[in-house]
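See below for the structure under consideration.
The values are calculated or read from the model by the stated rules, or taken from the named source; none is laboratory data. Just so it is clear, the model here is predicted, and its values are computed rather than measured. Neighbour counts are summed over all protein chains in view; Cβ atoms, including those assigned to glycine, are modelled from backbone coordinates with ideal geometry.
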Amino acid sequence: MKLLGFKNEKSFSFFLIFVVISFIFWFLVELSKEYTSIIDYPIKISSLPDDKILISEVPDNIQLKITGKGFDLLKYELASFIFPYIINYEEITNHNHSDNFQLQTSIIFNDIRNKFPSNIEIKEIFPKKISFVFSSSTEKKVPVKVNISYRLAKQYVIRDKIIILPDSVVVKGVRVVLDTLSAVYSKQYNLKILDKPVKKILTLKKIPFTSFSTKKVTLFINVQQYTEATIRIPIVMKNLPDSLSIKFIPDKVTVKYKSTLDDFNKIHPDQFKATVNYSSILENNNNSRIPVYFEVTPKKAFDISLLQNKVSFLLTHKQKK
């Protein structure tokens, strides 16, 4: 029984190899035949004057109907990038800077055909014509704003400001559009749950009849893990007359704060200063408790608060010598 099973497995392996070899031969035979295919061919306008902008919808690609052997067509079918055909503004407008022009694609047929090897035949170009409408333009520099959503992971915080580079772009377009434009926005991005610093490329949303000095910006978000801590610091009296002395009860207050893990060991009690001003005593109307304020706090700490923001005090006159 075991020997029979071994023979069956061996027979199946030979059969599988035979099928694979047969498929390869079939595939090679098929690729040697002649086929007709339609491919996208990118186009791009060049030499556009600074005071002109394209305001008509022009396709990013034209379609070419091409014929050739399968081997030759395959690379164009699979190509992720083909160098675009450059349409020169001066040439299509015949140097008269007309604002309206229709390009008959038959005019560029020979130019495009010469960009392909002789074993590829260009049969047709679609569409048969492309309409270009230009308009006088102006420029305006506006800030970039981002459309992002996110949630911070537990015990994480955003330190510093969110940075966008560049933080503004120069928009070129028709005046009627730019007069009402106050900012440009990114597309919507969901950054999900943040538990580490973010660096992400964002694409700006297109605005009809305009062009941007850049189409993408880089977003930086300094996300850090944080911890909480408390320390006790003495109370400092301000503007107390020389004839008086004061005792606070308690004489120290507890400060609660947060800091990132990187900054935790860089924070010390002497970086905080809690004060009471004599004017508060004069204004307290015999109230036995007076407010305590922060005068100095370290930059590396945040969400700083006093657990006791009022203290009792005992004020006495100094004895004259």
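Computed values, structure above
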{"read-out": "Which listed residue, of 303, 270, is in contact with a strand residue (DSSP E or B) (Cβ under 7 Å, 6 or more places away or on another chain), of a type outside the set (Val, Ile, Thr) and modelled with pLDDT of 90 or more", "value": "303"}
{"read-out": "Residue count, region 294-308 (criterion: part of a strand (DSSP E or B) and more than 16 Å from residue 275 (Cβ to Cβ))", "value": "2"}
{"read-out": "Among residues of region 121-166, those that are of a type outside the set (Ser, Thr, Tyr), in contact (Cβ under 8 Å) with a residue 40 or more places away in the chain and part of a strand (DSSP E or B), counted", "value": "25"}
{"read-out": "Which numbered condition residue 42 misses (of (1) over 17 Å from residue 133 (Cβ atoms); (2) of a type outside the set (Val, Ile, Thr); (3) not in a strand (DSSP E or B))", "value": "(3)"}
{"read-out": "Candidates 118, 149, 186, filtered to the one that is at pLDDT 95 or above, polar (S, T, N, Q) and surrounded by fewer than 16 Cβ atoms within 10 Å (Cβ to Cβ)", "value": "149"}
{"read-out": "Candidates 109, 71, 101 - the one that is assigned to a helix (DSSP H, G or I) and modelled with pLDDT under 85", "value": "71"}
{"read-out": "Selection from region 295-312 of residues that are within 20 Å of residue 249 (Cβ to Cβ) and surrounded by 12 or more Cβ atoms within 10 Å (Cβ to Cβ)", "value": "306, 308, 309, 310, 311, 312"}
{"read-out": "Subset tally (residues that are touching a Phe, Trp or Tyr at 6+ places or on another chain (Cβ under 7 Å), assigned to a strand (DSSP E or B) and modelled with pLDDT under 95) for region 170-183", "value": "1"}
